[in-house]
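Okay, structure first, notes after.
The values are calculated or read from the model by the stated rules, or taken from the named source; none is laboratory data. From a predicted model like this one, the values you see are computed outputs, not experimental measurements. Reconstructed Cβ throughout: ideal geometry from the backbone, glycine too, with neighbour counts over all protein chains shown.
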Ligand SMILES: Nc1ncnc2c1ncn2[C@@H]1O[C@H](COP(=O)(O)OP(=O)(O)OP(=O)(O)O)[C@@H](O)[C@H]1O
Ligand SMILES: [Mg+2]
């Protein structure tokens with residue numbers, strides 16, 4: 001089987017040397033020169049961007065020498081392997097270069113065979129070493145992205161947005177999405193998807209231990225392919241589901257799904273805070289009414305005190321209307337932050353979608369409201385922005401949410417809540 005050519009970056013300040021190396025390597029189909037750098041800094045930038053397999057690195061170069069560049073590439077572009085090009089009498093530098101992370105060297109002048117052998121052997125050995133250590137450094141655990149949809153007020157569109165966001169996210173091929181209804185007393189995701197669930201999250205909470213088997217058994221698959229963990233069938237069953245259950249369920253779901261979209265009840269409680277703490281993104285939904293804005297302002301303050309950074313919280317205005325006395329720019333001024341997404345009011349479409357049990361993001365993908373949901377999906381998906389998909393971060397300390405929220409309230413309002 002033909003393997004793909006070894007990608008090479010040449011770093012040398014003499015253009016003629018770079019040209020000669022490029023020519024020598026071009027005779028052999030096993031190599032492909034993908035870039036040239038005239039100094040160490042350029043080599044670092046190109047190594048990060050082009051991800052070559054091998055960097056052929058001269059030692060004496062202006063701006064940043066080859067040894068420093070090797071050190072930076074070893075740490076910041078670890079998938080590239082450095083082979084040093086040195087001249088006679090640079091033994092001391094050579095030792096330093098190897099200590100900086102270079103894997104091999106060639107002493108100029110060298111023959112074509114020496115060049116080809118050194119590159120091939122170094123690459124082969126490195127590939128083998130990486131293949132063995134990769135499973136150790138990157139365990140095969142998937143870490144899905146947790147997105148919560150939250151509001152301080154009821155009826156502002158949390159369930160509508162969560163359901164359609166999950167539908168939108170699930171459109172990409174090879175991407176798995178689960179929608180979790182944590183509005184434990186009066187969750188209506190199942191009804192919105194026109195489904196009567198057999199098992200719910202309450203069945204997980206009844207088990208002695210939360211494991212992947214029971215979680216999987218309680219998910220249903222909607223006709224559209226969306227997987228759903230429904231809320232309990234009766235409000236009195238809500239209290240058996242605790243923050244601890246939620247923590248365990250989310251960590252299991254994050255191992256098997258790319259996105260976990262969570263619909264939350266209004267207001268802050270143990271379950272909501274546990275979910276938001278575990279989340280990578282919190283979508284804070286508000287309407288354009290004054291009380292909603294006041295509550296959103298308090299909520300943003302609390303989230304800030306909980307350590308959620310600006311990027312974790314996405315501010316979403318649902319159904320801004322022309323009749324409202326406030327507009328988006330006034331809201332931004334009051335809340336001192338930008339509104340990430342504004343979702344238009346499309347009553348007819350939303351009602352039809354609820355009646356048919358098919359999210360409008362799927363049935364009417366080009367409607368204005370669906371395009372806004374698409375924007376929200378982009379905002380919660382780091383891959384669409386080329387960011388690193390990173391889990392963890394703000395607000396994941398070990399203190400229980402309830403204790404932390406108490407101290408946050410105490411800090412903000414100057415009093416202490418017991419409990
Ligand atoms: N952008 C919109 N355009 C038109 N109607 C909407 C829009 N968003 C939500 N609605 C409607 O508003 C009502 C409340 O929406 P939804 O149930 O999603 O809110 P919620 O915040 O989940 O409410 P609750 O706090 O009761 O769980 C529903 O009738 C829904 O169809
Ligand atoms: Mg709801």
Query - Exclusive hit being modelled with pLDDT under 95 and farther than 17 Å from residue 362 by Cβ, set 215, 210, 180 - result: 210
Query raised in the report: Got at least one residue in region 323-332 being within 30 Å of residue 190 (Cβ to Cβ), away from ligand 1 (no atom under 12 Å from the Cβ) and either in contact (Cβ under 8 Å) with a residue 24 or more places away in the chain or in contact with a helix residue (DSSP H, G or I) (Cβ under 9 Å, 6 or more places away or on another chain) (or both)?
Result: no
Query raised in the report: Is it true that some residue in region 235-254 is part of a loop (DSSP other than H, G, I, E, B) and under 25 Å from residue 358 (Cβ atoms)?
Result: no
Report task. Report yes if some residue within region 297-305 is touching a residue at least 24 places away in the same chain (Cβ under 8 Å), assigned to a strand (DSSP E or B), on the phi < 0 side of the Ramachandran plot and more than 22 Å from the chain's Cα centre (by Cα); otherwise report no. Result -> no
**Report entry** residue 268 being over 17 Å from residue 151 (Cα atoms) and either assigned by TED's automatic domain parsing to the domain that holds residue 370 or at pLDDT 90 or above (or both)
**Finding:** no
Report task. Collect the residues in region 233-256 that are buried (at least 19 other Cβ atoms within 10 Å of the Cβ) and within 23 Å of residue 195 (Cα to Cα), keeping them in residue-number order. Result -> 238, 241, 246, 249, 250, 253
Query - Residue identified as in contact (Cβ under 8 Å) with a residue 40 or more places away in the chain and not in a helix (DSSP H, G or I) among 64, 57 - result: 57
Requested in this report: Considering each residue of region 320-344, count those that are closer than 22 Å to residue 367 by Cα and crowded, with 20+ Cβ neighbours inside 10 Å, and give that number.
Outcome: 2
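Rundown of residues vs (1) within 16 Å of ligand 1 (Cβ to nearest atom); (2) surrounded by fewer than 16 Cβ atoms within 10 Å (Cβ to Cβ); (3) touching a residue at least 24 places away in the same chain (Cβ under 8 Å), yes/no style:
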| position | (1), (2), (3) |
| --- | --- |
| 175 | no, yes, yes |
| 179 | yes, no, yes |
| 194 | yes, yes, yes |
| 204 | no, no, yes |
| 207 | no, yes, no |
| 212 | no, yes, yes |
| 215 | no, no, yes |
| 221 | no, yes, no |
| 231 | yes, no, yes |
Query raised in the report: Residues of region 255-268 being under 17 Å from residue 162 (Cβ atoms) and either in a loop (DSSP other than H, G, I, E, B) or within 16 Å of ligand 1 (Cβ to nearest atom) (or both), which ones?
Result: 257, 258, 261, 262, 263, 264, 265, 266, 267
**Report entry** Candidates 288, 264, filtered to the one that is free of Cβ contacts under 8 Å to residues at least 60 places away in the same chain and buried (at least 20 other Cβ atoms within 10 Å of the Cβ)
**Finding:** 288
Query raised in the report: Can you name the strands (runs of 3 or more DSSP E) wholly within region 88-198 that have at least 1 residues being under 30 Å from residue 247 (Cβ atoms) and more than 16 Å from ligand 2 (Cβ to nearest atom)?
Result: 145-150, 177-181
Requested in this report: Report the residue count in region 60-75 for those that are surrounded by fewer than 23 Cβ atoms within 10 Å (Cβ to Cβ) and under 17 Å from residue 39 (Cα atoms).
Outcome: 9
Report task. Take region 255-273 and flag every residue that is touching a strand residue (DSSP E or B) at 6+ places or on another chain (Cβ under 6 Å) and within 27 Å of residue 291 (Cα to Cα). Result -> 261, 262, 263, 264
Query raised in the report: Quick check: is even one residue across region 19-31 closer than 20 Å to residue 126 by Cα, assigned by TED's automatic domain parsing to the domain that holds residue 71 and assigned to a strand (DSSP E or B)?
Result: yes
